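Enquirer: Quick one: the structure is below, and I'll ask about it shortly.
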Amino acid sequence: MEEVRIGVYVCWCGNNIAKMVDVQDVAMEVETLPNVVIARDYKYMCSDPGQDLIISDIKKHRLNRVVVSACSPRIHELTFRKALEHAGLNPYMFEMANIREHVSWVHNDREEATRKAKSLVAAAINRVCWHESLEKRSVEINPATLIIGGGISGITAALEIADAGKQVYLVEKSAQLGGFASKMCLTSPFMYSTTQMIRAKINKVMNNPNIQVLLNTQIEELSGYLGNFTTTVSEDGRDLELKFGNIIVTIGLKAFDPSVIENYKYGILPDVVTSLEFEGMLKAGKIETRDGRIPRHVAVIHCVGSRNATYHDYCSRLCCKNALKYANMVRAAIPGANIFEMYADMRAMGNGCEELYSVTSKKNVMFLMFDQHNGLPEIRKAGPKDNCDMIIELDEKLSGERIEVPADLVILMVAIEAHEEAKRLAQVTGVSMCGNQFFIERHPKLDPVATTTDGVYVAGSCQAPKDIPDSVAQARAAAARVLCTISKGNVEVEVTTAEVNEDRCCGCQTCISVCPYTAITFDEEKSVSVVNEVLCKGCGTCGSTCPTGAIRAQHFTDLQILSQIDGLLEKSMELKEV
Amino acid sequence: MEFEPTIVSFLCNWCSYTGADLAGTSRLKYAHNIRIIRTMCSGRVDPTFVLESFKKGADGILICGCHPGDCHYHEGNYKCLRRYHLLKKYIKQMGIEPERLHLEWISASEGKQFAELVDRFTGSIRELGPSRIKEVVNTLS
C-alpha cells in the first residue's frame, strides 16, 4: 500500500466555529497524529483561497488524503471533493468532520467543544486512511419529464420545458388543469383576472405538441432513478407506461377546514364563509348572504388556522394581502357597507402589498387587532333587537377593550395546508417532508428546488405556502434545473454502491432478502450474490447483514467506520485522562 | 470529578443527520458528550459498530433513523429496528446494561427533538454511571 499522506484543514468559518472551538489548538493537536503531513487552520476553507490552499498543499506535500473540519458535509462535501479533483486526486480521498452544526453551534463550553472537535477530527483522519479511489459513473438522461400536479406551478414548468422542445407528461389528479389559482377571482395586490391568466396558460399547454396532459390520473408507483424513471398510469382504461428522466412535484395545497375552530361557527352559521367560498362569490359577480341579501356589515378574520399553536405554527403568507383585496372589492361593490378587518398582525409582504395596505386603510375600513394566543374572536347569532345577523365579540388589542362588532357576512382567511396526497407522494417519490407535511428542499437557501432524491424537484405550495409569483419563479427554476441535466445528456451519479467479494460470499442470499431495490441477484453457477450497481442506491443495509463480510458498502465500509469509531473513542479517552 | 459519559451516535444521512444539522442551524444547545458518526441509512449500522464502540469505551450508544414509512431507502429503518431489539438482548448477556443502547426516529425537521433527545439520553447514561465493559475486555486480554 502506498504511503498515506494526509492534509488536515480546520476551518474558522469566520467566527462561527472559531468562537467556540480553539481551531489552532485542534490543528496543532491533530498534526501529531500518524499519517498527518500537515494540519492548518484557515478563516474560510470553502472560499477560493481556502480551496487553493488545499490544492497547492496536495501538490507541494504530495498529499493523497484530505480532511476538512468545518461545516456539515451536507453543505460542502462536494465543494471540497471538486477541489481534490482539481489537484488531480480522486475526490473520494476526502473526509469531512462537522465541527460547526454538531459542535460550535450547539455547545456553550469552549473547552469541551474543542475537545469534541479534536476527537471528531481524529476520527475523520482515521477513516480517511482507508478511503479508496472510486470511479465516477455517468448515466444517460431520458429527455422527457414527468410533472405531478397541474396547477399554476405545474403548468408553468411544463410550458418552460416544452418550449425548449422537450417532452413533458403533465399528470393531474382532477378532471381539469388550473389548480388552486383557478379558484381565485383576482390576484392581489395587482388585480389581474386569474381566470384569464390561467385559461390562456391552459390553452397553451393543450396546444403544445410536446406536452401530454393526463387528467384524472394519479402516480401510484415509481421505479428507476435519476435519468431513467418509469411509471405506469391508466389512460382510458388502458395501461400506459411512461419513461422520463426527471420529475417535478407540484401538487399544491389544501385549504384549512375552519369548522374545527368552535369560535367561528363555520358550518353552523350560514353566512360565515371561507376565503375560498368568497372567491366563488366574487367570480359569480355578487356579494350576498346565503338568502340573497346585500350584507351591510362585512367582517374579514385573518389567521384562521395559521400562526396558532393549536393548528399551524406557520404563516400562510397569502391571507393578509387577499384579505386587503376583499376589503377593496367589498368597498367597490357595496359602497355603504361597514368593513372590518380583524387581524393578529398585518403581514402583507411583497411587491405592492404595503401600498395596498395603506390604500385600503384610507377607504373607511376598520382594522381591529386581536391576540392569537389569548382568545380568538367569537361569532354568535345576533338577537332580534340587533340590526344585523351576527355579532363578533373580541378583545381589541390596541384599545385594550372588549368590543362587539356587527356582521352580516364573515370571511374566514383560512390557512394553507399541505396537500392531502403529500404523504403518499413523498413515499412514492422519496422526497422528505417537514412536520407540517410540506416537502423539504435539498437546502433551504442554496438549493431550494432540488430534493434529497436526485432527479426529483419541487415547486409551488407543496413546499411551503406560496403566492403565484413565487410559485411561478420556483417552477421556472425547477424547469431550468431539469433542462440543465437534459442538455448535458448525462449525469454523474454516486458510486458508493455495494460490492460483493465473491471469494468470501457463502451464497446464503441474506443480502437479497434485505435489499429494498432488488439490486442483488444470485448467480446460480458461481453460487454467489451479484450487485447490479445501476439499481443499487448505496444504503448499505446488505453490508451490515452479510454474515461473512463479503459485501462492502463502498465509501462506508466496515473498516472505514470501525476506524472512525476507533479514532473517535481513542481521542475522547486520551483527552479525558489528561 | 463528575462522571462525563462518552456517547457515540449513528445517524442516517437523510433524516437524522439532517435533523442534527438543523439543531445546529437553529443554535439549540445540548450536552457535549455525543460524538456523531454518519451512515447513509440506519440499516447500515452493523452490530459490530455498536459492539466495537462499547468495547472501545463508549458509555452509551444512540442510533437514529427516519420515522417509519419515511426511510429514504424504503425500509432500512425497519431492518435497524429488528437488529436493535436483538442487540439489546445480546449486550445484556455480555454484561452491558441494555439501556446503554437506544434507538429513536428523528426526521430532518426535528432539530429540537434531537437536541432534547441528546440531553435526555446523556442524562440517563450519567445516572447509569460508567460502562465497565472496557475494563473487563482489558482484563481478559
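The values are calculated or read from the model by the stated rules, or taken from the named source; none is laboratory data. Note that the structure is predicted; figures quoted are calculated from it, not measured. All Cβ positions, even for glycine, are placed from backbone atoms using ideal geometry, and neighbour counts span all protein chains on display.
Enquirer: I'd like the residue in region A:556-568 that is surrounded by fewer than 23 Cβ atoms within 10 Å (Cβ to Cβ) and facing another protein chain (nearest Cβ under 7 Å) and, out of all such residues, is farthest from residue A:520 (Cα to Cα).
Expert: The residue in question is A:566.
Enquirer: What residue, of B:122, B:48, is facing chain A (nearest Cβ under 10 Å), assigned to a helix (DSSP H, G or I) and over 21 Å from residue A:427 (Cα atoms)?
Expert: Details: B:122 fails: facing chain A (nearest Cβ under 10 Å).
Exactly one residue qualifies, and that residue is B:48.
Enquirer: Of the residues in region A:500-514, how many are at positive phi and either among the small types (Gly, Ala, Ser) or surrounded by 21 or more Cβ atoms within 10 Å (Cβ to Cβ) (or both)? Spell out the reasoning first.
Expert: Step one: of region A:500-514, the residues at positive phi are A:507, A:509.
Narrowing further to those that are either among the small types (Gly, Ala, Ser) or surrounded by 21 or more Cβ atoms within 10 Å (Cβ to Cβ) (or both): A:507.
Selection size over region A:500-514: 1.
Enquirer: Just checking, how many residues over region A:69-101 are touching a residue at least 60 places away in the same chain (Cβ under 8 Å) and of a type outside the set (D, E, K, R)?
Expert: Going through region A:69-101 one residue at a time, the tally reaches 6.
Enquirer: Name every residue in region A:161-177 that is in contact with a strand residue (DSSP E or B) (Cβ under 9 Å, 6 or more places away or on another chain) and assigned to a helix (DSSP H, G or I), in order of residue number.
Expert: Restricting attention to region A:161-177, the residues satisfying the condition of being in contact with a strand residue (DSSP E or B) (Cβ under 9 Å, 6 or more places away or on another chain) are A:161-162, A:166-173, A:177.
Within region A:161-177, A:161, A:162 meet the criteria.
Enquirer: Name the single residue that is surrounded by the fewest Cβ atoms within 10 Å (Cβ to Cβ) among those in region B:1-33 being part of a helix (DSSP H, G or I) and within 9 Å of chain A (Cβ to nearest Cβ). Show your work before the answer.
Expert: Narrowing region B:1-33 to residues part of a helix (DSSP H, G or I): B:16-25.
Filter again for within 9 Å of chain A (Cβ to nearest Cβ), leaving B:17-18, B:20-25.
Values: B:17: 28, B:18: 26, B:20: 29, B:21: 25, B:22: 24, B:23: 25, B:24: 24, B:25: 17.
The extreme case among them is B:25.
Enquirer: Ok, one more. Answer with yes or no whether residue A:499 is among the acidic types (Asp, Glu) and closer than 30 Å to residue A:243 by Cα. Break it down into steps so the answer makes sense when it comes.
Expert: On the way: among the acidic types (Asp, Glu): yes; closer than 30 Å to residue A:243 by Cα: yes.
Yes, satisfied.
Enquirer: Within region B:92-105, which residues are under 14 Å from the mean Cα position of the chain (by Cα) and closer than 18 Å to residue B:49 by Cβ?
Expert: B:98, B:100, B:101, B:102, B:103, B:104
Enquirer: Hey, another quick one. Out of the residues in region B:51-78 that are within 8 Å of chain A (Cβ to nearest Cβ) and among the hydroxyl-bearing types (Ser, Thr, Tyr), state the one that is surrounded by the most Cβ atoms within 10 Å (Cβ to Cβ).
Expert: B:53
Enquirer: If you go through region A:527-537 one residue at a time, do you hit one that is touching a strand residue (DSSP E or B) at 6+ places or on another chain (Cβ under 8 Å) and facing another protein chain (nearest Cβ under 7 Å)?
Expert: Yes: region A:527-537 contains one or more residues that are touching a strand residue (DSSP E or B) at 6+ places or on another chain (Cβ under 8 Å) and facing another protein chain (nearest Cβ under 7 Å).
Enquirer: What are the residue pairs meeting all of these: first residue in region A:305-320, first residue under 13 Å from residue A:435 (Cβ atoms), second residue among the hydroxyl-bearing types (Ser, Thr, Tyr), Cβ atoms under 8 Å, and 6 or more apart or on different chains?
Expert: A:312/A:306; A:314/A:306
Enquirer: Also, I was wondering about something else. Do any strands (runs of 3 or more DSSP E) entirely within region A:46-156 hold 1 or more residues that are within 14 Å of another protein chain (Cβ to nearest Cβ), and if so, which?
Expert: Working: elements: A:65-70, A:94-98, A:137-140, A:145-148.
Hits in region A:46-156: A:65-70, A:94-98.
Enquirer: Only one of (1) at pLDDT 95 or above; (2) at the interface with another protein chain (Cβ under 8 Å from one of its Cβ atoms); (3) surrounded by 22 or more Cβ atoms within 10 Å (Cβ to Cβ); (4) in contact with an Asp or Glu (Cβ under 7 Å, 6 or more places away or on another chain) fails for residue B:36. Which number is that?
Expert: (4)
Enquirer: To continue, here is another question. Give just the number: which of (1) outside any helix (DSSP H, G or I); (2) among the hydrophobic types (A, V, I, L, M, F, W, C); (3) in contact (Cβ under 8 Å) with a residue 60 or more places away in the chain does residue A:425 not satisfy?
Expert: (1)
Enquirer: So which strands (runs of 3 or more DSSP E) are wholly in region A:181-288 and hold at least 3 residues that are surrounded by fewer than 17 Cβ atoms within 10 Å (Cβ to Cβ)?
Expert: On the way: elements: A:211-214, A:223-225, A:228-235, A:238-244, A:246-249, A:253-255, A:272-274.
The strands (runs of 3 or more DSSP E) meeting that bar are A:228-235, A:238-244.
Enquirer: Go over the candidates A:431, A:449, A:414, A:458 one by one and state the one that is away from every other protein chain (no Cβ under 13 Å), of a type in the set (A, V, I, L, M) and more than 21 Å from residue A:315 (Cβ to Cβ).
Expert: Working: A:431 fails: away from every other protein chain (no Cβ under 13 Å); A:414 fails: more than 21 Å from residue A:315 (Cβ to Cβ); A:458 fails: more than 21 Å from residue A:315 (Cβ to Cβ).
A:449 is the lone residue from the list that is away from every other protein chain (no Cβ under 13 Å), of a type in the set (A, V, I, L, M) and more than 21 Å from residue A:315 (Cβ to Cβ).
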